[in-house]
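First the structure, in the form of structure tokens, and then the observations on it.
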Amino acid sequence: MFVLRLLLITGLLLAAPVASMSAQEANAQSATIRVDGLSCPFCAYGLEKHLKKIAGVEGVEINMKSGKAIVRLKPDVRVDDAALKTAVKKAGFTARGITRQ
Amino acid sequence: MMMISQKSSSMMYWTCAVALLISLAAYADASMAGPITFNSALPVSDGMSILRSQVKLTRKSGDATPAGRVLNVTAAPVVLAYGASPKLALFGVLPYVDKRLDVTMGGVRIRRDAQGIGDALFFGRYTVIQVDRPGDTLRIAPFAGLKTPIGSHSQHDAFGLVPRILQPGSGSWDPFMGVALTRQTLDWEFDAAAKYRFNTGAAGFTFGDEARVDASFQYRVFPRTLESGGVPAFVYAVLESNLIWNGKNRSLGVTDPNSGGLTWNLAPGLQYVTDRFVLETAVQIPAVQNLNGTALESDWVWTAGFRWNFFF
């Protein structure tokens, strides 16, 4: 019984951050991606197009100076980090970090 | 056009070679809007296409013989690039050419000319090294391809069969390979490419092989400082270098001593770069020409063009 309770508590503790991250991903209205390798306007277009192709992405704003792409997300549509990273990779760049607001 | 002595020309070659090696080494830390006078370092993202068109005007003269040859070439190559994957880009190049040779024959000034679609190039480029940092990228990508005999090599004019150097096409299948490097930052970009083309023959004529090392440095002159938001248009001041060696041509097994040689061009230029298109122009001016026999020297090559990126 003790072992079962221990397993249950451990399971809940492990699942909590994942559930919290999923909720954060689901509730976020925008995601800011730090894009490494972005250094000319002509290359920014491919990045914008790939990000806009993702279902749930409402709009994209790229900031050349800071090397960040700010992705506006549709409400109640979940867009996970993996999809954003894949889009950045397809555009030929490297996604270093994603923060949600 | 500048003639120099044998001793000083050999010093110049070494200076050029050292400068290019230093440039290549320094390149391991630069970025990309793309060079003007060569194609092979164009960036293409997955599924994106780039259409590039140029007009090139070339004038060659300096003929030391009584023939007083003057060659004017107008070429309009169209390049289509496609990103097959984030690392693999495929290119096709189809040029239209108009060649006119003014020459004195028997005391009379005549013109030989030929026009039409030239030989098409197809090649692939695969990125093997990609180092991305904030506002900075380094790419190294080997490429290989084939020049295909699309253009005619048997045009006639009022004087008979037009000489092979004037024909729009070579008639031969010519493989080529090389490597391209790009380093790009928000402030500047450096591209370099080394390439060798093995020319095969057709109808008894073989153009000499070609080896070239190209380098391009682009520096952002506008805007001087970047605003905090958006994707502004950039204006780059450009300086390019083309070191080109051509082997001697062979006709019916006989080597033409008045063909081939070494040329080093410098090309200042300007680029206007937005997120959808690029406008560009450059003038290639020969700094060194060490050509064989009475081969015609290049006076200048003027290039103007645009690039437009799109998704199908």
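Regarding B:Tyr219, is this residue within 14 Å of chain A (Cβ to nearest Cβ), exposed (fewer than 15 other Cβ atoms within 10 Å of the Cβ) and within 23 Å of B:Trp302 (Cβ to Cβ)? Lay out the reasoning, then the answer.
Details: within 14 Å of chain A (Cβ to nearest Cβ): yes; exposed (fewer than 15 other Cβ atoms within 10 Å of the Cβ): yes; within 23 Å of B:Trp302 (Cβ to Cβ): yes.
Yes.
In this structure, does B:Val301 turn out to be away from every other protein chain (no Cβ under 11 Å), in contact with a Phe, Trp or Tyr (Cβ under 9 Å, 6 or more places away or on another chain), under 22 Å from B:Ala192 (Cα atoms) and among the β-branched types (Val, Ile, Thr)?
no
Can you pull out every residue in region B:267-288 that is more than 15 Å from the chain's Cα centre (by Cα) and either crowded, with 20+ Cβ neighbours inside 10 Å or of a type outside the set (S, T, N, Q) (or both)?
Of region B:267-288, the ones more than 15 Å from the chain's Cα centre (by Cα) are B:270-279, B:287-288.
Matches in region B:267-288: B:Leu270, B:Gln271, B:Tyr272, B:Val273, B:Asp275, B:Arg276, B:Phe277, B:Val278, B:Leu279, B:Ala287, B:Val288.
Among the residues of region B:63-71, is there at least one that is of a type outside the set (Ser, Thr, Tyr), under 29 Å from B:Ile165 (Cβ atoms) and assigned to a strand (DSSP E or B)?
So in region B:63-71, the residues of a type outside the set (Ser, Thr, Tyr) come out as B:63-64, B:66-71.
With under 29 Å from B:Ile165 (Cβ atoms) added as a condition, the list becomes B:63-64, B:66-71.
Of the ones still in play, those that are also assigned to a strand (DSSP E or B) are B:70-71.
Yes, that holds for at least one residue.
Among the residues of region B:264-280, is any more than 14 Å from every other protein chain (Cβ to nearest Cβ), in a strand (DSSP E or B) and of a type in the set (Ser, Thr, Tyr)?
no
Considering only residues that are within 21 Å of B:Tyr196 (Cα to Cα) and in a strand (DSSP E or B), which ones fall in region B:233-256?
B:Glu240, B:Ser241, B:Asn242, B:Leu243, B:Ile244, B:Trp245, B:Asn246, B:Arg250, B:Thr255
Scan B:Asp46, B:Asp102, B:Asp63 and give me the residue that is charged (D, E, K, R), surrounded by 16 or more Cβ atoms within 10 Å (Cβ to Cβ) and farther than 28 Å from B:Val283 by Cα.
B:Asp46
Among all residue pairs at least 6 apart or on different chains, which show Cβ distances below 6 Å where the first residue, located in region A:72-101, is of a type in the set (Ser, Thr, Tyr) and the second is assigned to a strand (DSSP E or B)?
So the pair list comes out as A:Thr94/A:Asp36; A:Thr94/B:Asp132; A:Thr99/A:Thr32.
Check region B:51-69 and report whether any residue there is over 22 Å from the mean Cα position of the chain (by Cα), within 30 Å of A:Ser39 (Cβ to Cβ) and either at pLDDT below 95 or not hydrophobic (A, V, I, L, M, F, W, C) (or both).
no
Restricting attention to region B:175-211, report how many residues are more than 14 Å from every other protein chain (Cβ to nearest Cβ) and in contact (Cβ under 8 Å) with a residue 40 or more places away in the chain.
17
Keeping to region A:55-88, report how many residues are touching a helix residue (DSSP H, G or I) at 6+ places or on another chain (Cβ under 9 Å) and either under 25 Å from A:Ser39 (Cβ atoms) or within 12 Å of chain B (Cβ to nearest Cβ) (or both).
Within region A:55-88, residues that are touching a helix residue (DSSP H, G or I) at 6+ places or on another chain (Cβ under 9 Å) and either under 25 Å from A:Ser39 (Cβ atoms) or within 12 Å of chain B (Cβ to nearest Cβ) (or both) number 13.
Can you confirm whether B:Gln115 is within 25 Å of B:Arg307 (Cα to Cα), polar (S, T, N, Q) and free of Cβ contacts under 8 Å to residues at least 60 places away in the same chain?
Against the criterion (within 25 Å of B:Arg307 (Cα to Cα), polar (S, T, N, Q) and free of Cβ contacts under 8 Å to residues at least 60 places away in the same chain), B:Gln115 qualifies.
Go through region B:222-254 residue by residue and tally those that are away from every other protein chain (no Cβ under 14 Å), more than 20 Å from the chain's Cα centre (by Cα) and either loosely packed, with under 15 Cβ neighbours inside 10 Å or of a type in the set (Phe, Trp, Tyr) (or both).
Adding up the residues that qualify gives 3.
Could you say which residue among B:Asp256, B:Asp157 is over 30 Å from B:Thr274 (Cα atoms) and without any contact (Cβ under 8 Å) to a residue 40 or more places away in the chain?
Values: B:Asp157 fails: without any contact (Cβ under 8 Å) to a residue 40 or more places away in the chain.
That would be B:Asp256, the only listed residue that is over 30 Å from B:Thr274 (Cα atoms) and without any contact (Cβ under 8 Å) to a residue 40 or more places away in the chain.
Any residue in region B:273-293 that's without any contact (Cβ under 8 Å) to a residue 24 or more places away in the chain: show its pairings with residues that are aromatic (Phe, Trp, Tyr) at Cβ separation under 9 Å, as long as the two are six or more apart or on different chains.
Listed by first residue and then by second, the contacts come to B:Val283/B:Trp300; B:Val283/B:Trp302; B:Ile285/B:Trp300.
In region B:70-81, what residues are over 20 Å from B:Asp113 (Cβ atoms) and either surrounded by fewer than 18 Cβ atoms within 10 Å (Cβ to Cβ) or modelled with pLDDT of 95 or more (or both)? Outline the logic, then answer.
If we filter region B:70-81 for residues that are over 20 Å from B:Asp113 (Cβ atoms), which is where we start, we get B:78-81.
B:Val78, B:Leu80, listed by residue number.
Residues are listed down the side, and each one gets a yes or a no for (1) touching a Gly at 6+ places or on another chain (Cβ under 6 Å); (2) under 20 Å from B:Ala89 (Cβ atoms):
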site: B:Gly169; (1), (2): yes, no
site: B:Arg197; (1), (2): no, yes
site: B:Val213; (1), (2): no, no
site: B:Phe217; (1), (2): no, no
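The values are calculated or read from the model by the stated rules, or taken from the named source; none is laboratory data. Please read these numbers as outputs of a predicted model, since none were measured by experiment. Ideal geometry is used to build each Cβ from the backbone, glycine not excepted, and the neighbour counts take in all protein chains shown.
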